[in-house]
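All remarks here apply to the structure that follows.
Derivation of every value follows stated rules applied to the coordinates shown; laboratory data play no part. Everything quoted here is computed from the prediction, not taken from an experiment. We place every Cβ from the backbone using ideal geometry, glycine too, and count neighbours over all the protein chains shown.
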Amino acid sequence: MLQIVFDSLSLGSLYALGALGIALIFGVMRLVNFAHGDVIAFCVFALLWPSTDAMAIVFAGQLPWYLLIPLVLSVGAALSVLCEIVVFRRFRRANPATMMIASFALGFVIRYFLLMLFTSRPKSISLLPMLSQPVEIFGARLPLLQIITIIVTVLILLGLTFFLRQTRFGLEMRAAAENFSMARMLGVRANRVIMGAFALSGALAGAISLIFVSQTGTADIQMGSSIMLMAFIATVIGGLGSLSGAVLAGFALGAASVVMQVILPVDARPFRDAFVYGAVILVLLFRPQGLIAARGTQERV
Amino acid sequence: MSLLVLNNLEIRYGRLTAVRGVSLSIRDGDTVFITGPNGAGKSSLLRAIAGATPASAGTVEFDGYNITGRAPEDIARLGFSMVPEGRDVFGSLTIEENLMVGRGMAKKDRDWRTKAIEDLDAVYQTFPILKDRRNSQAGLLSGGQQQMLVIGRALMTNPRLIAIDEPSLGLAPNITDQVYERLIGLQAQRALTLLIVEQSATRADLVGGRMLLMRGGQIVLDGNARELGNGAAIQAAYFGYEDH
């Protein structure tokens, strides 16, 4: 039982962090950033030396954790900001569909760049190996990593909440997410806020990639897209643009996946995802605006 | 001295021309009403000055700077504070947070917080209702309170000029009276320049100041609000009657 709770929470953590990364950017510029998943993949491969081997040649990955973590987070933030400056900035006034297509294209560019350097073969990699040993809590044997994942996610969420509620820049971001054009007329600098959102979202992508790779032990070019899909669904169920909704829905999706894995009859388990998506459709039928509807879905300037 | 100068400003939306060649000069410290029927181009004019809508031709100068085509945030930072139609409070933020957004442009030096609190207090003094509800969500305020909030928020930017689009929209007449009373008080107290868009000329007549009448994207009448009053000339200009 406890095992199920922890499994749900740790899977939900990944989805919640992913959904948050998408919701942050959607909030300030109405862009559904499908390149987010590939930013996640990029963060992992940034630690590897380009090669075609099945065993990853760990390059920066051998750094101690107190250097490794900031490095991955800043790689994510830097790539994400770069995407903004090089690509999305030119689409500011374009309609959301155009921006979405552009983000697809950008995702492919990043993915094929990785493919070129590393080939499509998944690589085994052991990051932070000391985390995989199990610990015993209330009679259940749980991987230490799972507990750390949950703690880290909670810390990230608390930190982000503090940032958004208590700092000046956070306040500007919330104002801009609600009514970008009004915020600008009060002197809020559009470029700064948008770049800040991309940086945060990229750093979140870095965090996800660290957690994911430590959990699975493989670096795969496709890894981002699987999380991305679930994260995107979480942002939609949560109410596009609503940060708390995204987090809530992320955890709910994680729980739904794990619970279905347990309660479905063995024959139906391979179709677990179909059941999860079915539940998603049900939620959207009853609450098309999402669990927590975001304010201010007006046109941006 | 002229604070705001428009030179042949023209605004087009596709094939539609909303404002045709408006030239105008507004002195520091003046109260200026822009009135006119629906679709006269009043709101477009304000939005273009604020940088929210691009001008197709002509120039805008504010405080001696050419601000044509500049970003809204840059124009706001020069001291032009815009209160758009429909009030646009940040509904999910608290009242105090709404006010503090107007503070974003202040330099973050050592006494930044002290100054912000001083200015907050000044706003609260003008609008005590905001102080009472400072920690509640702005979206829950009544229309009149929201109007006071957005004026207070504009004040937090320490503007030279406040441009307000239809402050009376959707408000009961006695609430509108209160809003105007505060506005006029503030103007005297802070040497503000006010640029107010209203559909009806009655308010301009009550408050006084300069009145511009727009119709069909042009300024058709320009004079002292009290002298123009509600006379025949203004009616003719407003409705576009020709002389018989």
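Here the contact order of chain A, divided by its residue count and restricted to Cα pairs under 8 Å and six or more residues apart, works out to 36 percent.
Per residue of peptide A:110-120, the mean number of Cβ atoms on other chains within 10 Å of the residue Cβ is 0.
Taking every DSSP bridge with both residues inside the protein assembly as shown, close to 60 percent are antiparallel. Pull out a ≥ b ≥ c, the square roots of the eigenvalues of the alpha-carbon gyration tensor of the range A:84-236, then state rounded if a/c is under 1.5, prolate if not and a/b is larger than b/c, and oblate in the remaining case. Note, shape of the range A:84-236 comes out oblate. Extension gain for B:T114-B:N158 works out to 14.4 nm (0.36 nm per residue, less the C-alpha to C-alpha distance). Protection proxy ranking for A:265-272, B:217-224, using the average of other Cβ atoms within 10 Å per residue and placing the highest first: B:217-224, A:265-272. Listing A:F108, B:F239, B:F127 from fewest to most neighbouring C-beta atoms within 10 Å gives B:F239, A:F108, B:F127. Spatially, the range B:184-221 and the range B:1-62 are offset by 14 Å when compared through their Cα centroids. Within straight-line reach of B:K115, meaning a Cα separation under 16 Å, sit the following aspartates and glutamates at least 8 residues removed in sequence or on another chain: B:E96, B:E97. Going from the fewest other Cβ atoms within 10 Å to the most, the residues A:S80, A:S8, B:S25, B:S43 appear in the order B:S25, B:S43, A:S8, A:S80. Protection proxy ranking, highest mean first, for peptides A:148-161, B:200-213, B:145-158: B:145-158, B:200-213, A:148-161, where packing is the per-residue count of other beta-carbon atoms within 10 Å, averaged. Note on A:270-283: average number of Cβ atoms from other chains within 10 Å of each residue's Cβ is 0.
For the peptide B:94-106, the mean number of other protein chain Cβ atoms found within 10 angstrom of a residue's Cβ is 4. Rounded, prolate or oblate for the range A:167-301? Axes are the square roots of the Cα gyration tensor eigenvalues, ordered a ≥ b ≥ c, and the cut-off for rounded is a/c under 1.5. Oblate, because a/c is 1.5 or more while a/b does not exceed b/c. For a straight C-alpha distance cut-off of 19 angstrom, the aspartates and glutamates reachable from A:K123 (same-chain residues fewer than eight places away being disregarded) are A:D38, A:D53, A:D220.
Electrostatic bookkeeping for B:A225 treats Lys and Arg as +1 and Asp and Glu as -1; over the other residues with beta carbon under 10 Å from its beta carbon, the sum is +1.
Hull volume per residue, based on the alpha-carbon atoms of the protein assembly as shown and their convex hull, is 187 Å³.
Simple spin-label estimate for A:D267 and A:Q222 gives 2.7 nm between the two label positions (7 Å along the Cα-to-Cβ direction from each Cα). At 15 Å minimum axial length over the Cα atoms and a Kyte-Doolittle cut of 1.0, report the qualifying DSSP H helices in chain A, or say none. Long hydrophobic helices here: A:2-29, A:65-86, A:96-118, A:144-166, A:190-216, A:223-238, A:243-263, A:272-286. Contact order, relative form, for the range B:2-239: 27 percent (alpha carbon pairs under 8 Å, 6 or more residues apart, mean separation divided by residue count).
Rounded to the nearest 500, what is chain B's calculated 222 nm mean residue ellipticity when only DSSP H runs of at least 4 contribute -39500 (n - 2.57) each, over all residues? The per-residue figure over chain B is -10500 deg cm²/dmol. Working note: Debye formula, equal point scatterers on the alpha-carbon atoms of the range B:2-239, no solvent; log10 I(q)/I(0) at q = 0.09, 0.10, 0.13, 0.18 Å⁻¹ is -0.37, -0.46, -0.78, -1.43.
Put simply, when A:81-90, A:68-77 are sorted by average Cβ atoms within 10 angstrom per residue, most first, you get A:68-77, A:81-90. Averaging over all projection directions, the Cα-based convex hull of chain A occupies 16.2 nm² in the image plane. Counting only Cβ charges, +1 for Lys and Arg and -1 for Asp and Glu, the dipole size of the range B:2-239 around its Cα centre is about 360 debye.
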